[in-house]
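To keep things clear, I will list the structure first and then write my remarks on it.
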Amino acid sequence: MSGIPGKVHALSFDVEEHFQVSAFWSDERRNKWESYESRVERNVDKILALLSLHGIHATFFVLGWIALRHPNLVKAIAARGHEIASHGFGHEMITSQQPAQFREDVRKSKETIENITGTAIHGYRAPSFTITPQTRWALEVLVEEGFLYDSSIFPVQHDRYGMPGADPYCHRIETESGSLWEVPPSTLKVGPVRVPIAGGGYFRLYPYPVLRRLLSSAAADGHPLIMYFHPWEFDPDQPRMSGSMLSRFRHYLNLGKTEVRMRQLISDFRFATIREAVDAVGTVCGAHANPVGVIESCAGRCLAMERNNG
């Protein structure tokens, strides 16, 4: 096993259909979602089987739209001991929403998922990581709606998302309504810029030996890796959608290699849920009945970890 022996990293999946990705978004396509072939159950089943084989638990950020139509899928994920979190309801990018729309979206998602599982959910990840400098107001809404951590701020430069210069490690964010823990996807500083290495299209783009070296370098700083994937990335036979050349490249690149590379990844690194791998998040979620005191305790621990790692 490469990486840091004994260190546990976070593995997560954004549960959405292949036709819901932002790269192919249009109002016309959105109105046809009900008519497209659903493939999310078979793809999640494949992921669950793989994780079960290796004794791994992960965090599943479930889209409310999916949960409403496939409640047994959400129950199956929870029954396997995985963490359930929210990916919003309609997979609309926050950059296209007003605060009231966003609040309705996350509230509907949270209520839908909690009604299915019977347990509270604490984590949120925005569609396409669209908490940006222009949508930081979303963090306050998340606090007000009862979320304890977010995993949406990608500290990179990108044409649709990203917050260059943001803290790349687990940290507490203060809003006027309270505190929220931020758990950014993993990046690696190369020269003056941060390179995304957390998963998704980047996982399919880099040759795996190169990616493994990048991940090992990122893990060497003492912070857990935060990896993310989508069920449709394990489905090379999915129907092809029309779109720009860039969108098609990003979505369909090396889909046939995802599962093989995932098997290599989980052999090279130890993975668990975000709550299990990120100490501060696990503590605050585990004691959410008294969040203020727990947040203060976790803050000291995170700051101490940052000092120890320079």
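Remarks
- Net charge contributed by nearby residues that have their C-beta within less than 10 Å of F61 (K/R +1, D/E -1): -2
- Relative packing of 111-124, 207-220, 30-43, which averages over residues the other C-beta atoms within 10 Å, highest first: 111-124, 207-220, 30-43
- Long-range amide H partners of A272 with built H, under 5 Å: H9, A10, L11
- Net charge over other residues, Cβ less than 12 angstrom from the Cβ of D14 (K, R count +1; D, E count -1): -2
- Measuring between alpha carbons in the structure, the pairs from K7/K110; K32/K110; K110/K189; K189/K257; K32/K108; K46/K110 lying more than 29 angstrom apart are K7/K110; K110/K189.
- Reducing region 49-126 and region 235-259 to their Cα centroids gives an inter-centroid distance of 24 Å.
- Placing a label point 7 Å from the Cα of K7 along the Cα-to-Cβ line, the residues of region 130-169 whose backbone N sits under 19 Å from it are 155, 167-169.
- Using the rule -39500 (n - 2.57) for each DSSP H run of four or more residues, divided by the residues of the chain, the 222 nm mean residue ellipticity is -12000 deg cm²/dmol.
- Descending by average beta-carbon neighbour count within 10 Å, the peptides 15-21, 125-131, 175-181, 135-141 line up as 125-131, 15-21, 135-141, 175-181, the highest first.
- The chain: DSSP helices with Cα axial extent of at least 24 Å and average Kyte-Doolittle hydropathy no lower than 0.0: 291-308
- Of all beta bridges that DSSP places with both ends in region 8-308, some 30 percent have antiparallel geometry.
- The H on the amide N of G88, modeled in the peptide plane, is under 5 Å from the matching H of G64, R125, each at least 5 residues off or on a different chain.
- One equal scatterer on each Cα of the chain, no solvent, Debye formula: the resulting log10 I(q)/I(0) at q = 0.07, 0.12 Å⁻¹ is -0.24, -0.76.
- Summing charges over all other residues whose Cβ lies under 12 Å from the Cβ of T187, with Lys and Arg as +1 and Asp and Glu as -1, gives 0.
- Assuming charge only on the beta carbon of Lys and Arg (+1) and of Asp and Glu (-1), the dipole of the chain about its Cα centre is about 1000 debye to the nearest 20.
Quick note: the coordinates plus some simple rules give every number you see, no bench work behind them. Note that this is a predicted model, so its numbers are computed, not measured. Cβ: placed from backbone, ideal geometry, glycine included. Neighbour counts: every protein chain shown.
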